[in-house]
1. Mind checking which residues of region 98-119 are β-branched (Val, Ile, Thr) and at pLDDT below 95?
2. What pairs come out if I take residues in region 92-111 that are farther than 23 Å from ALA21 by Cα and pair them with residues that are acidic (Asp, Glu) whose C-beta lies under 9 Å away, six or more apart or interchain?
3. Taking region 176-191, which residues are modelled with pLDDT of 95 or more and crowded, with 21+ Cβ neighbours inside 10 Å?
4. Would you confirm, using the coordinates I've provided, whether THR156 is open to solvent by less than 20 Å² (accessible area, probe 1.4 Å), β-branched (Val, Ile, Thr) and under 13 Å from the mean Cα position of the chain (by Cα)?
5. Across region 1-23, which residue is modelled with the lowest pLDDT among those that are open to solvent by less than 10 Å² (accessible area, probe 1.4 Å) and of a type in the set (A, V, I, L, M, F, W, C)?
6. Residues of region 93-105 being closer than 30 Å to LYS27 by Cβ and either open to solvent by 30 Å² or more (accessible area, probe 1.4 Å) or not basic (Lys, Arg) (or both), which ones?
7. Determine whether ARG86 is closer than 24 Å to SER180 by Cβ and within 14 Å of the chain's Cα centre (by Cα).
8. Within region 56-67, identify whether any single residue is under 30 Å from ALA154 (Cα atoms) and free of Cβ contacts under 8 Å to residues at least 60 places away in the same chain, and answer yes or no.
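The values are calculated or read from the model by the stated rules, or taken from the named source; none is laboratory data. Nothing here was measured: the structure is a model prediction, and the numbers come from that model. Cβ coordinates were reconstructed from backbone atoms using ideal geometry, including for glycine residues, and neighbour counts include every protein chain displayed. Accessible surface is based on the protein model in full, side chains and every heavy atom, while ligands, DNA and RNA are left aside. Shrake-Rupley method; radii C 1.70, N 1.55, O 1.52, S 1.80 Å.
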Amino acid sequence: MTYKTLLFDVDNTLIDSATIASNVLHKITANYGFDVPAATVRSLVGIPTDKILQHLNLDHVQEITADFTQAIGQHKDELQFFDGIRETWNQLKATGVQIGIVTSRTAAEVTSDLGNFPEITSAPIIVTADQTTEHKPSGAPLEYAIQQHHLVKAETMYVGDTIYDLQSALSAGIDFASASWGALPTTDFSKATYQPQEPGDLLKLVTA
């Protein structure tokens, strides 16, 4: 199958961030009297912060979300691409593949936290959480990208690290490749179209 567009999740697909995010949110929720283990938060990374808090049945959602957004920004210089991501992106673009971003981060979070990653912030397709009313695991964010940029579903694949990413792709009716290098090892990707083990494996998929 030849793909013309690859859409990527950001956190723990492109950049190694989930552990940092989990630890920060654990500390922020503790400030409000909640004891939420970082491991529990890590299992939910991949959906918007407010949705994580709602899933955990916590109060003060708006306040915690705002505090988290401010606190996580202090760690932005600790973020790094996974090994092989930058090289793979360059090679994909050299083959004519269009690269896009579909993330659970808001536009403000992308701007404030990802300034060290111009490859992400300058991508020709960027869909953030504030552009749709429904979010992953809904297919709405991917459907939005497809409609707004006139993509062909059969020629488009989503790459992500969580079950929410997989469910979003299935709902949108496009192929999915699991980012095994950033995913929790317990994630069931049996319904994924592909399960590449490292970023460079994506190159084989776009020309297979």
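1. Restricting attention to region 98-119, the residues satisfying the condition of being β-branched (Val, Ile, Thr) are 99, 101-103, 106, 110-111.
THR106, VAL110, THR111 - these are the residues of region 98-119 that are β-branched (Val, Ile, Thr) and at pLDDT below 95.
2. Matching pairs, first to second residue: ILE99/GLU119.
3. PHE176, ALA177, SER178, ALA179 - these are the residues of region 176-191 that are modelled with pLDDT of 95 or more and crowded, with 21+ Cβ neighbours inside 10 Å.
4. Working: open to solvent by less than 20 Å² (accessible area, probe 1.4 Å): yes; β-branched (Val, Ile, Thr): yes; under 13 Å from the mean Cα position of the chain (by Cα): no.
So THR156 fails the test.
5. Going through the qualifying residues, I end up with ALA18.
6. Applying the first criterion (closer than 30 Å to LYS27 by Cβ) to region 93-105 yields 101-105.
Matches in region 93-105: ILE101, VAL102, THR103, SER104.
7. Details: closer than 24 Å to SER180 by Cβ: yes; within 14 Å of the chain's Cα centre (by Cα): no.
So ARG86 does not fit the description; no.
8. Here is the first cut: in region 56-67, the ones under 30 Å from ALA154 (Cα atoms) are none.
No, every residue in region 56-67 fails to be under 30 Å from ALA154 (Cα atoms) and free of Cβ contacts under 8 Å to residues at least 60 places away in the same chain.
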